[in-house]
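Reading through the structure tokens given below for one structure.
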Amino acid sequence: MIIEAYLPFGLKLEDFIILMAGCSVLLGCAGLWFGLVERGPNTRRLKELAVRGDALRQGMMAPTKRREQLQPLPFMRRVVVRLNLLRNSQAEKIAQKLAQGGWRSKDAVVRFLFFKFVLPPSLGGVVSVWAYGINPYDLDLISQMIVGIGAVVAGYFAPDIYIRNIISKRREAIRKSLPDGLDLMVICAEAGLSLDATLKRVSEELDEAAPELADETAITALELGFLPDRRKALENMSLRTDLPGLRGLVTTMMQAERYGTPLANSLRVLAAEFRMERMMKAEEKAARLPALLTVPMILFILPPLFVVLIGPAIIDTIDALGNLSL
């Protein structure tokens, strides 16, 4: 037959039909097996939590640039441990403050305490040598002392100011991306996902657009999985950010967990409130523009305008007066 000429390995038509029928039966049995066999969701979930826990402990949840900066520093750690700075009562508050800025590694606390201790005398010594030794501006003794003391004070407060600026920028980034995150959470909750799965999905979707909010939601989803008290995981999210918007979100999720209210409805109301708040902030900025533009208009726009409008008349007047005098 013509068909047998195209069959591989010299198979006949009857043998090919039998082979295809056997493959069909085998695939049908495999599909029935995988469809009826019970999956292991708990085992898969435990493995996933273990992997994410190891990633969190290794600092993989932090931003890439900061993770590269917070590598273990043996010299700094030896200095901080020898001075017992980690046992200070302020160490826990410093760790909480650094967590608000996105640094959750122990090396971040070591680095901060090291610069907090080393920077004032180092900066004060360099400035003192410059003021007393070089003295390019011929400063007197009192001015030199003021410059040296000012350098020590600036070195003492410089780490705090830097961390405060980082925290402020991170809060602003989270505040701007929070309405979009709430919209995604509403969609996930309406699709039937649990709170853990909702936070995890939001963190995956916002990983590139809003890494700060994605970072917080990923950590909260992880803590909801292994902490015995789910309220504690939500409270940790509020403590890490210290943002009024996220505090409202945490309160809403805690009430939904406690009283069993529909999470989608609560998140929809909260998303509408944040959207209205963002609109009000935009309107407030637009209303401030006339007042802010007054000074630039007076300084940079009105003088050239007066020159263009009144300048020709002044020149004509001067020429006319000059002709009269002649």
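Remark: spin-label model distance Leu27-Arg82 equals 7.2 nm, labels positioned 7 Å along the Cα→Cβ axis.
The H on the amide N of Trp103, modeled in the peptide plane, is under 5 Å from the matching H of no residue at least 5 residues off or on a different chain.
Remark: the Ser143-Ala197 segment gains 13.2 nm on full extension, using 0.36 nm per residue and subtracting the alpha carbon distance. Dividing the radius of gyration of the alpha carbons in segment 250-326 by their Kirkwood radius gives 1.66 for Rg/Rh. Residues Asp140, Asp196, Asp215, arranged from fewest to most other Cβ atoms within 10 angstrom of their Cβ, appear as Asp140, Asp196, Asp215. Each eigenvalue of the Cα gyration tensor of segment 180-273, multiplied by 5 and square-rooted, gives one semi-axis; in descending order these are 16, 16, 13 Å.
Placing +1 on the Cβ of every Lys and Arg and -1 on the Cβ of every Asp and Glu, with no other charges, gives segment 200-272 a dipole of roughly 460 debye about its Cα centre.
Highest-first packing order for the peptide set 280-288, 242-250 is 242-250, 280-288, based on the mean count of other beta carbon atoms within 10 Å. Ranking of Ser194, Ser128 by neighbouring Cβ atoms within 10 Å, starting from the fewest: Ser194, Ser128. Simple spin-label estimate for Ala291 and Arg164 gives 2.4 nm between the two label positions (7 Å along the Cα-to-Cβ direction from each Cα).
Between Leu85, Ser143, Leu119, the Cα set farthest toward the positive side of the dipole of segment 65-186 (charges on each charged residue's Cβ, about the Cα centre) is that of Leu85.
Between Glu172 and Thr317, residue separation times 0.36 nm minus the direct Cα-Cα distance comes to 46.4 nm.
For the pair Asp183 and Val126, the difference between a 0.36 nm per residue extended length and the Cα-Cα distance amounts to 15.2 nm. Relative to its residue count, segment 129-234 spans a Cα convex hull of 159 Å³ per residue. Relative to its residue count, segment 69-170 spans a Cα convex hull of 127 Å³ per residue.
Each value in this text was obtained by applying a stated rule to the coordinates, not by laboratory testing. Everything quoted here is computed from the prediction, not taken from an experiment. We place every Cβ from the backbone using ideal geometry, glycine too, and count neighbours over all the protein chains shown.
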